[in-house]
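The block underneath contains the structure these notes are about, expressed in C-alpha cells.
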Amino acid sequence: MRDTYQSGLIAESSKDALFLTLNQSHVEGARELVRASLASMPALLDDFRNRYPDADLHLTVGVGSGYWDQFNPEERPALLRAFPALEQGGRVAPSTPVDLLFIVRADQHDAVFELGAAISRSLDDAAELVEEIHGFRYRDMRDLTGFVDGTENPEGDDRLDVALVGDEDPEFAGGSYLHLQRYEHDLGAWERLSVKQQEDAYGRTKDENIEYPGDKKSPHAHTKRTSLKREDGSSMEILRHSMPYGDSQRKGLMFVSTCRTPEHFELMLKSMVEGDETGHADRILDFTRAVTGSAFFVPTSHWLTQLS
Ligand code: HEM
C-alpha cells in the first residue's frame with residue numbers, strides 16, 4: 001500500500017496552490033458525508049488530471065490530529081498527536097486545530113481553482129470552511145523575504161524515505177505526518193535590515209543562495225536552528241512544501257512539513273522558538289509570526305478509497 005502515497009507529499013514544487021482548512025459541520029450524518037467525500041478524492045483527482053493533462057496537478061488530503069478519533073475510531077496512526085503550542089520571549093507558535101486539510105497544487109491556476117471548487121462542492125453541508133489561502137511561486141522559488149526556500153530539501157528517493165511512514169506502522173505505511181503553519185511577515189521591518197543582516201539571519205547568501213560555512217553561522221541563524229542531529233551524528237530531516245501567499249493586507253508563508261515522524265518538526269520548532277541551551281532563538285522569528293498551527297495525518301489514496 002505504501003506505493004499509493006498521495007503524490008502531493010513528494011512532488012516537486014508547483015507554481016500555484018490552494019490551502020483549504022475545514023471543520024466537520026454539526027448536521028446529522030456529517031461524519032459519514034465527510035468519509036464518503038474523502039473516499040471519492042482519489043477518483044476526483046484522476047478526473048481533473050485527465051481534464052488538465054499538462055497542469056501537473058496534485059492533491060494532499062489530511063485529517064486533523066484532534067478529529068482523527070471521531071473520523072475513524074477503529075485505528076489511529078501510531079504517532080499522531082496535537083500540534084505543540086510554544087511561546088517564549090515574544091516568539092509564538094500557536095496551536096489552532098482543524099479537522100480537515102486539502103492542499104491543491106499545480107502549474108496552472110485554473111486547474112487549482114476548479115479542483116478546489118469541486119472539493120468544496122463534494123463536502124457541501126458536511127464541513128465548514130476555516131481558512132482558504134492561495135499560494136504561489138515567487139520568482140525562483142523564493143520566500144517573500146527574498147531568499148530561496150527549499151534548497152536543502154531531500155532529493156530523489158530520499159524524499160520518500162524522509163516523508164513516508166514505513167514498516168514501523170504497517171497499517172499506515174505510505175502515509176505522512178503533516179504540520180501546517182501560516183506565518184505573517186513584517187516585511188517593512190525586514191526590508192530595513194541590510195542585505196548582510198538578512199543573510200546572517202538565514203546563514204545563506206541572498207542572490208547566489210550559498211550556504212555560509214558552519215563557523216560563520218550565528219547561533220541565531222535559521223539554518224543553524226533547524227539543522228538538527230541525533231547523538232549518532234545523523235541528520236533529522238523533514239520534506240518542506242512551503243509556499244508564499246499574500247494580498248494588500250497580509251503577506252507571508254504557508255509553511256508545510258511532511259515526515260514519517262512528527263518528532264523532527266517538533267524539535268526544529270522548539271529549537272527556533274526556545275533556542276539552544278543558552279537561549280539562542282531563531283532570528284527570522286523577529287520578522288515573521290505564526291498565526292496558525294495544525295497537525296494532520298495524510299493517509300494513502302488506497303486507505304482513503306476504502307472509507308466509503
Ligand atoms: C531552511 C525559510 C520556517 C525548517 C530554510 C531556508 C529558508 C527558509 C529561506 C534556506 C534554504 C533552504 O534550505 O530551504 C523559512 C521561512 C519560514 C521558515 C521564511 C517561516 C516564515 C521553518 C520552520 C521549520 C523550518 C517552522 C521547521 C520547524 C527548515 C529546515 C531548513 C530550512 C529544516 C534546512 C536547513 C538546512 O539544512 O540548511 N527555511 N523557513 N523552516 N528551514 Fe525554514
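What the table below lists for this structure:
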{"read-out": "The lone exception for HIS185 - which of (1) closer than 20 Å to GLU266 by Cα; (2) in contact with a Ser or Thr (Cβ under 6 Å, 6 or more places away or on another chain) it fails", "value": "(1)"}
{"read-out": "Residue pairs meeting the criteria (Cβ under 8 Å; at least 6 apart or on separate chains; first more than 20 Å from VAL291 (Cβ to Cβ), in region 183-195; second assigned to a helix (DSSP H, G or I))", "value": "LEU193/ALA201"}
{"read-out": "Matching residues, region 222-242, being β-branched (Val, Ile, Thr) and either more than 8 Å from the ligand (Cβ to nearest atom) or assigned to a loop (DSSP other than H, G, I, E, B) (or both)", "value": "ILE238"}
{"read-out": "Qualifying positions in region 260-285 - in a loop (DSSP other than H, G, I, E, B) and β-branched (Val, Ile, Thr)", "value": "THR261, THR278"}
{"read-out": "Matching residues, region 164-182, being closer than 23 Å to VAL98 by Cα and either within 13 Å of the ligand (Cβ to nearest atom) or without any contact (Cβ under 8 Å) to a residue 60 or more places away in the chain (or both)", "value": "TYR177, LEU178, HIS179, LEU180, GLN181, ARG182"}
{"read-out": "The listed residue being at pLDDT below 95 and not hydroxyl-bearing (Ser, Thr, Tyr), out of GLU237, GLU171, GLU211, GLU231", "value": "GLU231"}
{"read-out": "In region 188-218, the residues that are within 11 Å of the ligand (Cβ to nearest atom) and within 12 Å of THR145 (Cα to Cα)", "value": "TRP190, GLN198, GLU199, ALA201, TYR202, LYS206"}
{"read-out": "Condition met for PHE255 (away from the ligand (no atom under 11 Å from the Cβ) and either assigned to a strand (DSSP E or B) or within 25 Å of SER37 (Cβ to Cβ) (or both))", "value": "no"}
{"read-out": "Those residues of region 130-157 which are within 28 Å of LEU79 (Cα to Cα) and either in contact (Cβ under 8 Å) with a residue 60 or more places away in the chain or of a type in the set (Val, Ile, Thr) (or both), in sequence order", "value": "VAL130, GLU131, GLU132, ILE133, ASP149, GLY150, THR151, GLU152, ASN153, PRO154"}
{"read-out": "Filtered residues of region 134-150 (kept if in a loop (DSSP other than H, G, I, E, B) and over 16 Å from the mean Cα position of the chain (by Cα))", "value": "TYR138, ARG139, ASP140, LEU144, THR145, GLY146, PHE147"}
{"read-out": "Any chance GLY62 is closer than 30 Å to THR288 by Cβ, touching a residue at least 12 places away in the same chain (Cβ under 8 Å) and over 21 Å from the mean Cα position of the chain (by Cα)", "value": "no"}
{"read-out": "Residues that are away from the ligand (no atom under 14 Å from the Cβ) and in contact with a strand residue (DSSP E or B) (Cβ under 8 Å, 6 or more places away or on another chain), drawn from region 85-103", "value": "GLU87, THR96, PRO97, VAL98, ASP99, LEU100, LEU101, PHE102, ILE103"}
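The values are calculated or read from the model by the stated rules, or taken from the named source; none is laboratory data. Quick caveat, the model's predicted, so the values are computed rather than measured. Every residue, glycine as well, gets a Cβ built from its backbone with ideal geometry; the counts of neighbours run over all protein chains shown.
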